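Colleague: Just passing along the structure, written as structure tokens.
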Amino acid sequence: MEFTHLHVHTEYSLLDGSGKIKEMAARAKELGMDSLAITDHGVMYGVIDFYRACLAEGVKPILGCEVYVAPGSRFEKEGGVSDER
């Protein structure tokens, strides 16, 4: 059965991920996985290292990012939920 992890955080996801990119790529190959994704929280600092590590192991890299979207502006300081959608 083929399987690919699509929700993967690395050490670049501060306070949530501790996985080392080279170790994850090597482990994916060891497990017979043909692809692996990176979806760090709000940053893409690790995608080049991830891409290179996956290619070195013969694993297809899938690049992504876990982002959060909120209505309004980050400069709004009032609390509560907006009725605008």
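The values are calculated or read from the model by the stated rules, or taken from the named source; none is laboratory data. Since the structure is predicted, the reported quantities are computational estimates derived from the model, not experimental observations. All Cβ positions, even for glycine, are placed from backbone atoms using ideal geometry, and neighbour counts span all protein chains on display.
Colleague: So how many residues does region 41-59 have that are surrounded by 15 or more Cβ atoms within 10 Å (Cβ to Cβ) and farther than 18 Å from SER13 by Cβ?
Modeller: 2
Colleague: If you don't mind, there's one more thing I want to ask. Within region 5-54, track down each residue that is among the charged types (D, E, K, R), assigned to a loop (DSSP other than H, G, I, E, B) and in contact (Cβ under 8 Å) with a residue 24 or more places away in the chain.
Modeller: To start, the set of residues in region 5-54 that are among the charged types (D, E, K, R) comprises 11, 16, 20, 22-23, 27, 29-30, 34, 40, 49, 52.
With the extra rule that they be assigned to a loop (DSSP other than H, G, I, E, B), the set shrinks to 11, 16, 20, 34.
GLU11, ASP16, ASP34, listed by residue number.
Colleague: So which residues in region 20-40 are exposed (fewer than 14 other Cβ atoms within 10 Å of the Cβ) and under 14 Å from THR10 (Cβ atoms), if there are any at all?
Modeller: To start, the set of residues in region 20-40 that are exposed (fewer than 14 other Cβ atoms within 10 Å of the Cβ) comprises 23, 30-32, 34.
Hit for region 20-40 is GLU23, nothing else.
Colleague: Here's another thing I want to ask about it. Can you tell me how many residues in region 37-54 are of a type outside the set (S, T, N, Q) and either under 23 Å from TYR68 (Cβ atoms) or at pLDDT below 95 (or both)? Talk me through it step by step, then tell me what you get.
Modeller: Filtering region 37-54 down to residues of a type outside the set (S, T, N, Q) leaves 37-38, 40-54.
From the residues that got through so far, the ones that are either under 23 Å from TYR68 (Cβ atoms) or at pLDDT below 95 (or both) too are 37-38, 40-47, 50.
The qualifying residues number 11.
Colleague: Filter region 7-27 down to the residues that are among the aliphatic types (A, V, I, L, M), modelled with pLDDT under 95 and farther than 10 Å from CYS65 by Cα and list them by number. Give the steps one after another, and end with the answer.
Modeller: We begin by selecting, within region 7-27, every residue among the aliphatic types (A, V, I, L, M); these are 8, 14-15, 21, 24-26.
Within this subset, residues satisfying the condition of being modelled with pLDDT under 95 are 8, 14-15.
Answer for region 7-27, where residues must be among the aliphatic types (A, V, I, L, M), modelled with pLDDT under 95 and farther than 10 Å from CYS65 by Cα: LEU14, LEU15.
Colleague: Is it true that GLY17 is over 23 Å from GLU2 (Cβ atoms), surrounded by 14 or more Cβ atoms within 10 Å (Cβ to Cβ) and touching a Phe, Trp or Tyr at 6+ places or on another chain (Cβ under 6 Å)? Step through it out loud before you land on a result.
Modeller: Values: over 23 Å from GLU2 (Cβ atoms): yes; surrounded by 14 or more Cβ atoms within 10 Å (Cβ to Cβ): yes; touching a Phe, Trp or Tyr at 6+ places or on another chain (Cβ under 6 Å): no.
So GLY17 fails the test.
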